[in-house]
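The structure under discussion appears below in the form of structure tokens.
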Amino acid sequence: MYFCGMAKWYELFWSFFKIGTFTIGGGYAMIPLMEKELVDRRQWLSREEFMDILAVSQALPGVFAVNMATSVGTRLHGGKGAVAAIIGNILMPIIIILGFATCFRFLSDNPWFEAVFKGIRPAVVALIAAPVFNMAKTAKISWRNGWIPVVALILIYLLGVSAMWVVLAAIVGGFCYGKLKQRKGGQS
């Protein structure tokens, strides 16, 4: 049983504050932390609900992390939850960015500072790659439908097709497939 509506606004704030504080690398690097906090630890969402919110948040315009905080906060505690989750999610990154911006011109030539950022890069790649495998498992990618993400990757990465067109094609294709499946099911 998942506790939809049981989250207090301050719990949402604190959860998203922790996520925002300990995420280096942007919105996609937050995915494993969000999943662990919201699905595994707090059990506010099922894994399927989390993946649905994740998919919608990626498709919406705007900052991914804010879209996630808005969707989860609204789902769990309405408008007050959305505001608490958003503020919690962006507060520490704003403070950190302001601190870096203030110090950056003094530290940019420092070899230690450069080494820290070179060391962080591979970790960020891993943080972004890990949710891809979890998403594939949750999305039930199999040998029958595994060609879809491969074709999307080829279209976007190798052929330079806009991701917007790929998403729109996936929406239309999914809709048509659902209608065809519905029609076949009605004829049985």
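The values are calculated or read from the model by the stated rules, or taken from the named source; none is laboratory data. On a predicted model such as this, the values are computed, not experimentally measured, just so you know. Every residue, glycine among them, receives a Cβ derived from its backbone with ideal geometry; neighbour counts consider all protein chains shown. For accessibility, only protein heavy atoms count, side chains too; no ligands or nucleic acids. Shrake-Rupley method; radii C 1.70, N 1.55, O 1.52, S 1.80 Å.
Suppose accessible area is computed on protein heavy atoms with a 1.4 Å probe; arrange SER108, SER57 from highest to lowest.
SER108, SER57
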Exercise for the section: List the residues of the range 77-113 whose backbone N lies under 13 Å from a point placed 7 Å from the Cα of TYR10 along the Cα-to-Cβ direction. Expected result: none
Practice task
Could you work out how far helix 47-59 tilts from the main Cα principal axis of the chain, as a 0 to 90 degree angle to the nearest 10?
Solution key: 80
Practice task
Rounded to whole Hz and in sequence order, give me ³J(HN,Hα) for the range 122-129 from the Karplus expression 6.51 cos²θ - 1.76 cosθ + 1.60, θ = phi - 60°, writing x for Gly and Pro.
Solution key: x, 5, 5, 4, 5, 5, 7, 6
Problem - Flagged links, alpha-carbon separation over 27 Å, of LYS36/LYS140; LYS140/LYS179; LYS80/LYS179; LYS36/LYS137; LYS8/LYS137 - result: LYS80/LYS179; LYS8/LYS137
Problem - ALA170/ALA126 FRET efficiency (R0 30 Å; Cβ-Cβ; nearest 0.05) - result: 0.65
Problem - Crossing angle, helix 9-21 versus the chain [Cα axis fit, 0-90 degrees, rounded to tens] - result: 70
Completion exercise
Phi angles of the range 135-150, converted by Karplus (6.51 cos²θ - 1.76 cosθ + 1.60, θ = phi - 60°) into ³J(HN,Hα) in whole Hz with x for Gly and Pro, give 5, 4, 5, 5, 6, 6, 5, 10, 5, 6, 10, x, 5, 5, x, 5
Exercise for the section: Using only the Cα atoms of the chain, construct the convex hull and provide its projected area averaged over every direction, in square nanometres to one decimal. Expected result: 14.3
Fill in the blank from the handout: Once ASP52, ASP40 are ranked on solvent-accessible area with the largest value leading and a 1.4 Å probe, the list reads ASP52, ASP40
Practice task
At 7 Å along the Cα-to-beta-carbon direction for both PHE22 and LEU107, put a label point, then send me their distance in nm to one decimal.
Solution key: 2.1
Problem - Between 0 and 90°, nearest 10: helix 163-187 axis offset from the chain longest Cα axis - result: 30
Practice task
Can you check how the C-alpha radius of gyration of the range 99-179 compares to 2.2 N^0.38 Å, as a plain ratio?
Solution key: 1.68
Problem - Lys/Arg +1, Asp/Glu -1 at C-beta; the chain dipole; positive extreme among SER108, VAL167, SER57 - result: VAL167
Exercise for the section: Please state the charge dipole magnitude for the range 32-188, taken about the Cα centre, from unit charges on C-beta atoms (+1 on K and R, -1 on D and E), reported in debye and rounded to the nearest 20. Expected result: 640
